[in-house]
Amino acid sequence: MSYQRVKFYQTGTFTIGNRLLDESNRTVQAGMDRTNSLNSGHRACQGCGEALGARYALDAVMRATHQQMVAVNATGCLEVFSSPYPESAWQIPWLHSLFGNAPAVASGVAAALRAKGRKDVRVIAQGGDGATVDIGFGCLSGMFERNDDVLYVCYDNEAYMNTGVQRSGSTPPRAWTNTTQAVGAHPGNPMGIGKNLPRIAMAHGIPYVATASVADLHDLEAKVTKAMKFRGARYIHIHVPCPLGWKSDPAHTIKVARLAVECGLFPLIEAEGGEVTDRTPIREKVPVEPYLELQGRFKHLFHPRDARALETIQAIADANIHRYQLLPVKA
Amino acid sequence: MKHHIEGSQAVAHAVALCRPEVMACYPISPQTHIVETLSRKVKAGEIGNSQFLNVESEFGALSVLIGASAMGARTYTATTSQGLLFMAEAVYNAGGLGLPIVMTIANRALGAPINIWNDHSDSMSMRDAGWIQLFAQDNQEAVDLHIQAFRLAEELSCPVMVCMDGYILTHAYEVVDLPTQEQVDAYVPAFEPVQVLDPQDPVSIGAMVGPEAFAEVRYLAHDKHLRAVEAIPRLSRAFEDIFQRRSGGLLKAYHTNEAETVLLALGSVNGTIKDAVDDLRKEGWPVGSLALCAFRPFPSHALRQAVQDAKRIIVFEKDLAVGKGGIVSSDVKMALRGLPTIVDTVIAGLGGRPIPKASVIDTVKQACLEGLEEPHFLDLNWDAINRELTRQQAQRRSGPTAENILREIGAPGASPI
Ligand SMILES: Cc1ncc(C[n+]2csc(CCOP(=O)(O)OP(=O)(O)O)c2C)c(N)n1
Ligand code: SF4
Ligand SMILES: [Mg+2]
């Protein structure tokens, strides 16, 4: 990425780096002029990764577009916790239509802007993993295929949270949800299936695809900012822990997100025109277990210990590390 | 100027004259000729900077228009039958949001069994979605209603479906008077949205509404339709001023004065019905007919006034509320509540079954002389039905109904059972 990465090994955090940076390199959130697109007072749970991710992503788009932005939202937690009148938390022009059509609605906004000859206003669409990888998948693929000028942001909390934690196509293997209970011979979500939407997006050959995490908000902002430099269909997939659905401590949201990145289960990559162009190397590889152990949705893997399941999940992480060469090559 | 032209081409021409800014379409017979023509016009640059999006589904098509309309663009699409069902969730959404989208429905039956021919089941399935529904009697009216639809939709900020019978109108070549650009520009003003996504004045559209306000928001959607009852005839008169012909309005009466029996229908079958009325009147039967142009809003008051002296209304409808009977006739009965008028339901023309004038005449005579069972099914092959019912009782695995009936009726290629 083009911004300067600050590493504070002594604390293991990137968050305090801002003050020491040149102003141009500081995060959008650190700026006095941040727009608070998603304002305070909404109804997200404590420690909600989605609220955090959305706030950073949208403020970054606002800065990149000089506040000329329109947002389209799918049904889901983000829509429900942010919109009820008279407390709409949105400080931006915002449209919610349905659960499965946000990409198409955004295509329509983009088409209207084209028809009116307005290049200054840009549109983003956003939704949860269910809206994105499942019910809105057809519309999303259509939007990609037409290369409409839309940035689509998926907030992946790996289940249908708004309806009370049911499995989605993005739910990881073995995770408990209310429709993949931790009972029976193979508790939790079945092994060996799932949908990798960043790779599917890349297969459409669209100008820009990236993954990001609330564990690295500076990187998230930089990717969103970069995405706005392109015209055409762009896709950013953000990993956002959900304390309620993951049965994790709200205070651990960032920690959980960071472990997902550092164990290799959630690789941070960028791609242009369908080819991977960059990835964030893992500083210090950790096994998957500390990541899984922080989340009650994986509790059944440890009581009693399910060695085979843990090995399989570790193998998924290792395969990611290998595929994207996430470990620094030793000299 | 008068042209000998296919209904779909004529409608596409009229839509283009209304200068839609965004169109998103998905092919389905018998709507295809309309969208093919519009896509060519856009590609050839004949509709200014208009955008035509080829999308992945009907659900996507209407969703694109929801976004475009909320962004302040004039929007249009066309569909029918399965396509309308596939977009159902977005149909209700556009209605609820009050976005002035115009959509042609090339009326076609709903499966199963799959059937590409005309009836009104498709638009009836969306009758309560908050869209205004206008039915064209012929291709001239189809053209004219589209022009009126854009003005009506945008004035009220309410979506409008213009329903025209699939094949019977969409594929029929008739003489149609196509308006000029100047006439249409004089009639359809620039689109001034009541709600718009504007970075200078940000609003949240489509926010969640709880029990404390939902009923009021829904009432206001209903109120829009009450206002449409006034707006539809007014815009029809304004249309006449510019285009020098009467088109649209809530309903059209034919010899209803002093008619004891009034035949009522939607769409193109009114041509046959008027011929039947002529023949019956020649024989001395005191009959007339009424064509409903607006089905939503339902013109209860105008209907009641038009038929208050009639003894009997016979509703010919191309749809079936399974388990109940008539859809249109139920609305007619409600409009006439308190009057002693008999309302008969005749289910006719399903899946493209012709509605011959002779059958209409026979049914009217039967109704007047003996009365009709409720509902009455026009020209049903009871022998085939009864044999199939007997078979179903005799054997558990009686097989697919549609296939059995095709064999019974001896459709080409079907072997007898
Ligand atoms: C067509 C339709 N089906 C189902 C629902 C119910 N529903 C609303 S939100 C939601 C889950 C959203 O999951 P996701 O997209 O992952 O977002 P999250 O709430 O997890 O952020 C579901 C199933 C709906 N609103 N519409
Ligand atoms: S359920 Fe999860 S995603 Fe939804 S608001 Fe709570 S923490 Fe956020
Ligand atoms: Mg989710």
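Data for the structure
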read-out: Residue in the range A:105-123 that is at negative phi and within 16 Å of ligand 2 (Cβ to nearest atom) present; value: no
read-out: All positions within the range A:67-82 that are touching a residue at least 40 places away in the same chain (Cβ under 8 Å) and open to solvent by 10 Å² or more (accessible area, probe 1.4 Å); value: A:Gln68, A:Thr75, A:Gly76, A:Cys77, A:Val80
read-out: Lone qualifier among A:Val209, A:Val214 - being open to solvent by less than 10 Å² (accessible area, probe 1.4 Å) and within 16 Å of ligand 3 (Cβ to nearest atom); value: A:Val214
read-out: Qualifying residue in the range B:106-129 (condition: of a type outside the set (Asp, Glu), closer than 30 Å to B:Ala190 by Cβ and within 14 Å of chain A (Cβ to nearest Cβ)); value: yes
read-out: Among the residues listed as A:Thr253, A:Thr312, the single one being under 26 Å from A:Cys77 (Cα atoms) and either touching a His at 6+ places or on another chain (Cβ under 8 Å) or in a helix (DSSP H, G or I) (or both); value: A:Thr253
read-out: Given (1) more than 16 Å from ligand 1 (Cβ to nearest atom); (2) open to solvent by 30 Å² or more (accessible area, probe 1.4 Å), index of the condition A:Met62 fails; value: (2)
read-out: Pair list, Cβ < 6 Å and 6+ apart or interchain, from the range B:41-58 residues that are farther than 21 Å from B:Gly83 by Cβ to residues that are open to solvent by 30 Å² or more (accessible area, probe 1.4 Å); value: B:Ser50/B:Glu21
read-out: Neighbours by Cβ (under 7 Å, 6+ apart or cross-chain): first from the range A:107-132, open to solvent by 10 Å² or more (accessible area, probe 1.4 Å); second hydroxyl-bearing (Ser, Thr, Tyr) and more than 16 Å from ligand 2 (Cβ to nearest atom); value: A:Ala115/B:Ser50; A:Arg122/A:Thr65
read-out: Residue selected from the range A:133-145 under the condition touching a Gly at 6+ places or on another chain (Cβ under 9 Å) and within 8 Å of chain B (Cβ to nearest Cβ), by the criterion farthest from ligand 2 (Cβ to nearest atom); value: A:Gly142
read-out: Qualifying residue in the range A:194-203 (condition: within 16 Å of ligand 3 (Cβ to nearest atom), under 28 Å from A:Glu289 (Cβ atoms), in contact (Cβ under 8 Å) with a residue 24 or more places away in the chain and more than 19 Å from the chain's Cα centre (by Cα)); value: no
read-out: One residue from B:Gln183, B:Gln140, B:Gln133 being out of contact with any Phe, Trp or Tyr (no Cβ under 9 Å at 6 or more places or on another chain) and either on the phi > 0 side of the Ramachandran plot or outside any loop (DSSP other than H, G, I, E, B) (or both); value: B:Gln140
read-out: Enumeration of residues in the range A:169-183 that are within 11 Å of ligand 3 (Cβ to nearest atom) and either within 14 Å of chain B (Cβ to nearest Cβ) or within 10 Å of A:Gly245 (Cβ to Cβ) (or both); value: A:Thr171, A:Thr177
read-out: Conditions (1) within 14 Å of another protein chain (Cβ to nearest Cβ); (2) within 11 Å of ligand 3 (Cβ to nearest atom); (3) open to solvent by less than 10 Å² (accessible area, probe 1.4 Å); (4) not basic (Lys, Arg): number failed by A:Asp156; value: (1)
read-out: Odd one out for A:Gly130, checked against (1) within 12 Å of ligand 3 (Cβ to nearest atom); (2) farther than 27 Å from A:Thr225 by Cα; value: (2)
read-out: Scope the range A:252-308; condition free of Cβ contacts under 8 Å to residues at least 60 places away in the same chain and of a type in the set (Gly, Ala, Ser); matching residues; value: A:Ala260, A:Ala307
read-out: In the range A:270-309, the residues that are of a type in the set (Asp, Glu), part of a strand (DSSP E or B) and touching a Phe, Trp or Tyr at 6+ places or on another chain (Cβ under 8 Å); value: A:Glu270, A:Glu272
read-out: Cross-chain or 6+ apart pairs with Cβ under 7 Å, the range B:378-396 first and without any contact (Cβ under 8 Å) to a residue 12 or more places away in the chain, then surrounded by 12 or more Cβ atoms within 10 Å (Cβ to Cβ); value: B:Gln392/B:Ser398
read-out: Selection count, the range A:232-270, where residues are open to solvent by 40 Å² or more (accessible area, probe 1.4 Å), of a type outside the set (D, E, K, R) and either more than 16 Å from ligand 3 (Cβ to nearest atom) or within 14 Å of another protein chain (Cβ to nearest Cβ) (or both); value: 5
read-out: Exclusive hit being out of contact with any Ser or Thr (no Cβ under 8 Å at 6 or more places or on another chain), within 14 Å of chain A (Cβ to nearest Cβ), among the hydroxyl-bearing types (Ser, Thr, Tyr) and assigned to a helix (DSSP H, G or I), set B:Ser63, B:Ser69, B:Ser39; value: B:Ser39
read-out: Options A:Lys229, A:Lys223: the member that is more than 14 Å from chain B (Cβ to nearest Cβ) and outside any loop (DSSP other than H, G, I, E, B); value: A:Lys223
read-out: The range B:79-97: number of residues that are at the interface with chain A (Cβ under 7 Å from one of its Cβ atoms) and either within 27 Å of B:Ile168 (Cβ to Cβ) or open to solvent by less than 10 Å² (accessible area, probe 1.4 Å) (or both); value: 1
read-out: The range B:250-264, subset open to solvent by less than 10 Å² (accessible area, probe 1.4 Å) and free of Cβ contacts under 8 Å to residues at least 60 places away in the same chain, residue nearest to B:His146 (Cα to Cα); value: B:Val262
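Per-residue answers, yes or no, for (1) away from chain A (no Cβ under 14 Å); (2) surrounded by fewer than 24 Cβ atoms within 10 Å (Cβ to Cβ):
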site: B:Glu6; (1), (2): yes, yes
site: B:Pro20; (1), (2): no, no
site: B:Thr32; (1), (2): yes, yes
site: B:Ile47; (1), (2): no, yes
site: B:Phe52; (1), (2): no, yes
site: B:Thr77; (1), (2): no, no
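The values are calculated or read from the model by the stated rules, or taken from the named source; none is laboratory data. These figures come from a predicted structure and were not determined experimentally. Glycine also receives a Cβ, built like all others from the backbone with ideal geometry; neighbour counts cover every protein chain displayed. To get the accessible areas, we keep the full protein, side chains included, count just its heavy atoms, and leave off ligands, DNA and RNA. Shrake-Rupley method; radii C 1.70, N 1.55, O 1.52, S 1.80 Å.
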